[in-house]
Ligand SMILES: O=c1ccn([C@@H]2O[C@H](COP(=O)(O)O)[C@@H](O)[C@H]2O)c(=O)[nH]1
């Protein structure tokens, strides 16, 4: 059975590219991430198609607006059947709490399972220079942990964070909290626009529950071979 801790990012804008990669990866990958590029291009069709293929879906649309608008947006997305939805923690405690409550109420009323709701802490592309330019006075790791605790208090299921912060989050938020980490790069792979990265094994050893990996698989000459090598490295950390 495929290791459901690996989530492959489908950052395409055409369904035919999605179909090709999912068929190429076959049974080796069970979980996919649909982000803005794909969703804005093809809409909810891709989530339904992935579910029909028996795949899990993290719908990564990073909602960030006033509480009522985010809650309404999530309740609309809920009907697509994704396993995980997300918001930005920087939208604040009230936004997150309202979103979580309304999503649960809507799922109960519709009689469908409630998707997990997680929050972006600080984007993994954010480095110290960008961070300082925003006028931030606390460090990135301190802010990530603060946002993670707030996310938990607001009733959400977990966070998106860098694998470098996973150990601190795990310590602060306990064992049942989802820690989904993009910014994962096998040793020697191109860093691209990511800043706070770690290898697959290090991310899991730090306490990540799921690794989001896009370009190291998608842009590889042999995507299936790249995925299998990552999965082999992941097997070393259970
Ligand atoms: O903080 C974040 C939040 C989301 N992402 C998304 O993850 C993937 C990473 O793709 P790579 O090609 O492996 O860099 C991408 O879809 C981002 O939108 C993130 O990187 N960081």
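Filtered by the rule that a residue be within 12 Å of the ligand (Cβ to nearest atom) and under 17 Å from the mean Cα position of the chain (by Cα), segment 137-163 gives 144, 147, 159, 160, 161, 162, 163.
Among the numbered conditions (1) surrounded by fewer than 16 Cβ atoms within 10 Å (Cβ to Cβ); (2) assigned to a helix (DSSP H, G or I); (3) in contact with a helix residue (DSSP H, G or I) (Cβ under 9 Å, 6 or more places away or on another chain), the only one that residue 27 does not meet is (3).
Provide a single number: the residues in segment 98-127 that are touching a residue at least 40 places away in the same chain (Cβ under 8 Å), touching a helix residue (DSSP H, G or I) at 6+ places or on another chain (Cβ under 9 Å), surrounded by fewer than 18 Cβ atoms within 10 Å (Cβ to Cβ) and over 14 Å from residue 157 (Cβ atoms). Result for segment 98-127: 1. Scanning segment 67-93 for residues that are out of contact with any helix residue (DSSP H, G or I) (no Cβ under 7 Å at 6 or more places or on another chain) and part of a loop (DSSP other than H, G, I, E, B), we see that the one that is farthest from residue 111 (Cα to Cα) is 92. Answer yes if at least one residue in segment 90-97 is within 16 Å of the ligand (Cβ to nearest atom), modelled with pLDDT of 95 or more, over 25 Å from residue 34 (Cβ atoms) and surrounded by fewer than 20 Cβ atoms within 10 Å (Cβ to Cβ), and no otherwise. No, because not a single residue in segment 90-97 is within 16 Å of the ligand (Cβ to nearest atom), modelled with pLDDT of 95 or more, over 25 Å from residue 34 (Cβ atoms) and surrounded by fewer than 20 Cβ atoms within 10 Å (Cβ to Cβ).
A count restricted to segment 105-153 and to residues that are in a loop (DSSP other than H, G, I, E, B) and closer than 22 Å to residue 74 by Cβ stands at 8. Here segment 47-66 is the region considered, the condition is being in a loop (DSSP other than H, G, I, E, B) and more than 18 Å from the chain's Cα centre (by Cα), and the residue that is surrounded by the most Cβ atoms within 10 Å (Cβ to Cβ) is 65.
Selection over segment 133-180 of residues that are touching a residue at least 60 places away in the same chain (Cβ under 8 Å) and over 13 Å from residue 210 (Cβ atoms) gives a count of 5. Considering only segment 114-128, I want to know if a residue exists there that is over 24 Å from residue 36 (Cα atoms) and either modelled with pLDDT of 95 or more or within 16 Å of the ligand (Cβ to nearest atom) (or both). There is at least one residue in segment 114-128 that is over 24 Å from residue 36 (Cα atoms) and either modelled with pLDDT of 95 or more or within 16 Å of the ligand (Cβ to nearest atom) (or both).
Screening segment 185-197 for residues that are surrounded by 17 or more Cβ atoms within 10 Å (Cβ to Cβ) and without any contact (Cβ under 8 Å) to a residue 40 or more places away in the chain and picking the one that is nearest to the ligand (Cβ to nearest atom) gives 185.
The values are calculated or read from the model by the stated rules, or taken from the named source; none is laboratory data. Everything numeric here is computed off the predicted structure, so don't read it as measured data. Cβ coordinates were reconstructed from backbone atoms using ideal geometry, including for glycine residues, and neighbour counts include every protein chain displayed.
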